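Enquirer: First, the structure itself, so that you have it in front of you.
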Amino acid sequence: MARMGRLASGGLALVLAGGALALVRRHRHRPPTAAPDPRPGRWQVVTVAGRPEEVLPPGRWPEPLRRLDGAVELSARPAPGGRGTELAARPLSGEPTLPGLAAHLVGDDPGRFLRQALREAKQLVETGEVLRADRSRLDRPGTAG
Amino acid sequence: MRALCWEGADTLAVRQVPDPELRNAQDMIVRVRRSVTCGADLPLLAGRVPHLAAGDVLGHEFLGDVVEVGPEVRRHRVADRVVVCAGIACGACWFCRQGLFACCDNGTTGTAGAEPEWGQPTGGCYGRPALLGGFAGSHAEFVRVPYADVGAFTVPDGVSDDRAVFASDAAPTGWMGAELGEVSPGDVVAVWGAGAVGQLTAAAARLRGADRVIVVDEHDERLRMVERHVGAEPLNYRYLDVPAELRERSGGRGPDVCVEAVGPAASPGLFAGRPGRRADGSPALREAVHSCRKGGTVVLLGTGTGFVDTFPLGAVLDKGLTVRGGRQHGQRWIPMLLERMARDELRTEHLATHRLPLERGAEGYALFRDRADGCVRAVFSP
Ligand SMILES: [Zn+2]
Ligand SMILES: [Zn+2]
């Protein structure tokens, strides 16, 4: 089954589509499964090792996508061959100016930002945390050297 | 702590840098006992890899003692002696579950690491530019080990540091060469390159029952090692016609499996071949494709292959070859390799031709790069 979540102002409204077909019909094209396209407005997809209800639980968006309240729509569908779930996101169409926090978070490259957010959401589901880089000397005031 | 830092093209120095810290719950900190030079470091050392910055710490093959563990680490405790896989992988994504750890989706941080040269993110590695992964190198007193339960392995008591440290990268890479070639009893196997990876590919081929294993190189001292420590046949390309020799030594059929384990070219190559830049030649790969028997397998192990043009692609078609390659999925093979080391089936300490304190790291890399004084690998002890 496919599921579409959409954030409305003031809270979360989860829209359950009737199936993958409904999703396809509504958006004319299914979300791409290949490499992400940097053009804003396109679906960005990652495959997450987990069932759709784990990846996109009803009524609750995974971090860090939750911060994109009002800015994006999401879909989750089973990936073929037991590969998990195809989690897709794209900026809400017709809203070139994003509200408040979302605009700040997305910055001037929404495609890149969304890709990173999806990657982090995937890591959280798969490994329980987002992998963090070593901190550089500059990030660590007061350290030796 | 002290660490061997890259300072600019062909310049290394030991500097004081901040100690590593736990950054994720699955991290641990290892006090390094041994850290090895690797051919994959040479393009970094030469300053040919974008994003490398002055102060970045090199090194990715290492062994040491656990000194601190994160709250989610289950398999290791303080004071364990561990060898750490050079590649960083999560153990949980689809690729890791298939055993393709070097293809891990979650082994690097940041968007730069997620959008690399080849279109898709691959697993992480220690000692790469901070911008491309986020994990400092092992030529240091301490190293942070992410996904510690997945990438670190307790070393059996009887196995020395100088043997076990090669389970970090060179031994699993060699094992993968034989496995990708599906080397079987009765096979004739040819390996280009008698460095650590080439020698350990030859050793793996023998352990898998190959009938003849032939190693191609130009350095007689390395080829003597091949004969003495691996029990494989040397073939010096400076004196002999390699395709003719290989044909003759395989009954006119050509080797069943040909493995390229030459490593990065001495010339600029890793990032050549992008638009406007020169592509590399790979004489070893060309020779491997030319020599391989019909229906045989050619395996690429040499990192830093980059872009290669004028590749004899027609031979792949006309001879029905299989061409495979990869970075090692060490998490899959290191326990088995350590067992073989403990049983004395796999010996690697002869590869540590130069044992030096970390302070002499720059000198060690110069010896290694120039293959001077018979250097196969320089091993540092902080
Ligand atoms: Zn290496
Ligand atoms: Zn993984």
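Enquirer: How large a share of the accessible area of region B:170-325, in percent, is made up of carbon and sulfur atoms when the probe is 1.4 Å and the other protein chains stay in place?
Expert: On the way: 3270 of 6590 Å².
Summing carbon and sulfur atoms, their accessible area is 50 percent of the total for region B:170-325.
Enquirer: Name the residues whose placed amide hydrogens come within less than 5 Å of the amide hydrogen of B:Val191, ignoring near sequence neighbours (fewer than 5 apart) on the same chain.
Expert: Placed amide hydrogens put B:Ile214, B:Val215, B:Val216, B:Val259 under 5 Å from B:Val191.
Enquirer: I would also like to ask the following. Taking only C-alpha pairs under 8 Å that are 6+ residues apart, what is the relative contact order of region B:170-325 in percent? Numbers along the way, then the final one.
Expert: Numbers: 349 pairs, mean separation 34.6, N = 156.
Here the relative contact order equals 22 percent.
Enquirer: Near A:Arg67, within a Cβ-to-Cβ distance under 14 Å, what is the net charge of the other residues, with Lys and Arg +1 and Asp and Glu -1?
Expert: Here the charged neighbours net out to -1.
Enquirer: Could you sort the residues of region A:44-58 by number and keep only those whose accessible area is reduced by 30 Å² or more in the all-protein-chain setting relative to the chain alone, 1.4 Å probe?
Expert: A:Ala49
Enquirer: Using only protein heavy atoms and a 1.4 Å probe, report how much of B:Arg75 is accessible, in Å² to the nearest 10.
Expert: Surface open to solvent at B:Arg75 totals about 130 Å².
Enquirer: Taking amide H atoms as placed 1.01 Å from N in the peptide plane, list the residues 5 or more away in sequence, or in a different chain, whose amide H sits under 5 Å from that of B:Arg355.
Expert: B:Val379
Enquirer: Just tell me the longest site-free run in chain B, where the sites are GluC sites (Glu not before Pro) in a DSSP loop having at most 14 other beta-carbon atoms within 10 Å. Before the final figure, lay out each step's value.
Expert: Working: sites that count: B:Glu21, B:Glu117, B:Glu182, B:Glu218, B:Glu345.
It works out to B:219-344.
Enquirer: Chains A and B: what accessible area do they bury, summed, in square angstrom to the nearest 100, with a 1.4 Å probe?
Expert: Working: alone 8970 and 15800 Å², together 22200 Å².
Accessible area lost upon association: around 2600 Å².
Enquirer: Further question on the same structure: Please list, in order along region A:53-65, the HN-Hα scalar couplings obtained from phi with the Karplus expression 6.51 cos²θ - 1.76 cosθ + 1.60 (θ = phi - 60°), rounded to whole Hz, x for Gly and Pro.
Expert: Result, rounded to whole Hz: 6, 7, 6, 9, x, x, x, 8, 7, x, 5, x, 5.
Enquirer: Per residue of B:14-25, how many C-beta atoms from partner chains lie within 10 Å of its own C-beta, taken as a mean? Write down the numbers at each step before the final one.
Expert: Details: counts 0, 1, 3, 5, 10, 4, 2, 4, 1, 6, 6, 3.
Taking all residues of B:14-25 together, the mean is 4.
Enquirer: Taking only protein heavy atoms and a 1.4 Å probe, what accessible area per residue, in Å², does region B:170-325 have with all protein chains in place? Present the calculation step by step, with values, prior to reporting the outcome.
Expert: Numbers: 6590 Å² over 156 residues.
Using a 1.4 Å probe on heavy atoms only, each residue of region B:170-325 averages 42 Å².
Enquirer: With an 8 Å Cα cut-off and a minimum separation of 6 or more residues, compute the relative contact order for chain B in percent.
Expert: On the way: 968 pairs, mean separation 68.6, N = 382.
Answer for chain B is 18 percent.
Enquirer: Please get the size of the charge dipole for region B:170-325, origin at its Cα centre, with Cβ charges of +1 on Lys and Arg and -1 on Asp and Glu, quoted in debye to the nearest 20.
Expert: On the way: 18 positive and 19 negative charges, 53 e Å.
The dipole magnitude comes to about 260 debye.
Enquirer: Please give the net charge around B:Leu12, taking every other residue with its beta carbon less than 12 angstrom from that of B:Leu12, where Lys and Arg add +1 and Asp and Glu add -1. Display every interim value, and only then the final one.
Expert: Working: positive: B:Arg15, B:Arg360, B:Arg369; negative: B:Glu7, B:Asp10, B:Asp41, B:Asp56, B:Glu359, B:Glu363.
Local charge sum for B:Leu12: -3.
Enquirer: Output wanted: per-residue J couplings in Hz (rounded whole) for region B:170-184, from phi through Karplus 6.51 cos²θ - 1.76 cosθ + 1.60, θ = phi - 60°, x for Gly and Pro.
Expert: 5, 5, x, 5, x, 4, 4, x, 6, 6, 4, x, 6, 4, 10
Enquirer: Looking only at B:Trp192, B:Trp175, B:Trp333, which one moves most when chain B is put into a Gaussian network model with springs between Cα atoms under 10 Å?
Expert: So, out of B:Trp192, B:Trp175, B:Trp333, the one fluctuating most is B:Trp333.
Enquirer: While we're here: Using θ = phi - 60° and the Karplus relation 6.51 cos²θ - 1.76 cosθ + 1.60, list the HN-Hα couplings for region B:195-200 in order, rounded to whole Hz, with x at every Gly or Pro.
Expert: x, 4, 5, x, 5, 7
Enquirer: May I ask which residue of B:Ser184, B:Met336, B:Gly127 lies farthest towards the positive end of the charge dipole of chain B, with charges of +1 (Lys, Arg) and -1 (Asp, Glu) on Cβ and the Cα centre as origin?
Expert: Selected residue: B:Ser184.
Enquirer: Mind checking the dipole of chain B: about its Cα centre, +1 per Lys or Arg Cβ, -1 per Asp or Glu Cβ, Debye to the nearest 20?
Expert: Working: 43 positive and 48 negative charges, 79 e Å.
The calculation lands at about 380 debye.
Enquirer: Now a separate question. Would you tally the net charge around B:Arg293, using a Cβ to Cβ cut-off of less than 11 Å, leaving B:Arg293 out, and scoring K and R as +1, D and E as -1? Walk me through the numbers before you get to the answer.
Expert: Numbers: positive: B:Arg247, B:Arg253, B:Lys294, B:Lys319; negative: B:Asp187, B:Asp256.
Around B:Arg293, the surrounding residues sum to +2.
The values are calculated or read from the model by the stated rules, or taken from the named source; none is laboratory data. What you are looking at is a predicted structure, and each value in this text was computed from that prediction instead of being measured. So basically every Cβ, Gly included, is an ideal-geometry build from the backbone, and we count neighbours across all protein chains shown. These accessible areas exclude ligands, DNA and RNA; they are computed on the full protein's heavy atoms, side chains included. Shrake-Rupley method; radii C 1.70, N 1.55, O 1.52, S 1.80 Å.
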